[in-house]
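Student: What follows is a structure written as structure tokens; I'll ask about it next.
Each value in this text was obtained by applying a stated rule to the coordinates, not by laboratory testing. Remember, it's a predicted structure, so these values are computed and weren't measured experimentally. In this analysis, Cβ positions are derived from the backbone assuming ideal geometry, glycine residues included, and neighbour counts consider all displayed protein chains.
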Amino acid sequence: MECPEFFQLGEMMKYILIGFMGAGKTTIGSALAQKLHLPFYDMDQEIIRQTQCSVSAYFAKFGEPAFRKLELSVFESLLNKEGDMVISTGGGTVMSTEAQQLLAEYQVEVLWLNTDFETLYQRLAEDDVERPLFINNTKEDFKALFDQRLSTYESLANHQVDVTMQNQILQEVK
Ligand code: S3P
């Protein structure tokens, strides 16, 4: 069986996991970091650590534009850190042109974790993490956000990973 190219060690590299909410960026990012013996950073966790506030509480108190500003600065400071690492982004992190410029400036490998909308929706409905965009949108609007983001994820990705099976397994063993 052939290994995906991104498992090749040696080159200095930051691995950036992108994808919609519920795709499993945190779970897979942490496993990938372990496999590659690299430090792992989860963007939402970094934000929570810095603000001492949950993402949903931050959204409620300061609004989405303030969250996006903070998210971008956390992303930039992680990219600025010395050395290889695995970074799990939030689903909206790479949507801004500023974040996309950063991705182009740094030597990074972008892995897009992708699956179908219904799988993601189901997973989010059963997840304990409160996601403001999930809670505050109708299913129809949430699907529109998903559709709108797909082409951006696709254009930024060096690799696309179908995580449907992983999500099904997690569902079954719950
Ligand atoms: C968001 C995704 C969330 C979190 C915030 C906004 C988004 O992260 O950053 O709720 O805009 O897609 P996850 O993708 O880790 O759920």
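Student: Provide Ile16, Ile48, Ile135 in ascending order of the number of other Cβ atoms located within 10 Å of each residue's Cβ, fewest first.
Tutor: Neighbour counts put them in this order, fewest first: Ile135, Ile48, Ile16.
Student: May I ask you to compute the full-extension gain from Ser151 to Cys53, defined as 0.36 nm times their residue separation minus their alpha-carbon distance, rounded to one decimal in nm?
Tutor: Details: separation 98, 0.36 × 98 = 35.28 nm, distance 3.13 nm.
Full extension of this stretch gives 32.2 nm more.
Student: For segment 47-174, compute Rh as the Kirkwood radius over C-alpha pairs and then the Stokes-Einstein diffusion coefficient at 37 °C and 0.692 mPa s; write the answer in µm²/s, rounded to an integer.
Tutor: Translational D for this selection: 203 µm²/s.
Student: Another one. Okay, helix-only estimate at 222 nm for the chain: each DSSP H run of n ≥ 4 adds -39500 (n - 2.57), divide by all residues, round to 500 deg cm²/dmol; what do you get?
Tutor: Numbers: 9 runs with 97 residues, N = 174.
One gets -17000 deg cm²/dmol as the mean residue ellipticity at 222 nm.
Student: So what's the gap between the Cα centers of segment 26-79 and segment 129-152, to the nearest angstrom?
Tutor: So the separation of the two Cα centres works out to 19 Å.
Student: Treat the count of other C-beta atoms within 10 Å as a stand-in for reagent exposure and order His37, His159 from fewest to most.
Tutor: So the ranking, lowest neighbour count to highest, is His37, His159.
Student: Take the cross-link list Lys25/Lys139; Lys81/Lys143; Lys35/Lys81; Lys69/Lys139; Lys35/Lys139 and give me the ones stretching past 31 Å between alpha-carbons.
Tutor: Details: Lys25/Lys139 21 Å; Lys81/Lys143 35 Å; Lys35/Lys81 20 Å; Lys69/Lys139 26 Å; Lys35/Lys139 36 Å.
Check vs 31 Å cut-off fails for Lys81/Lys143; Lys35/Lys139.
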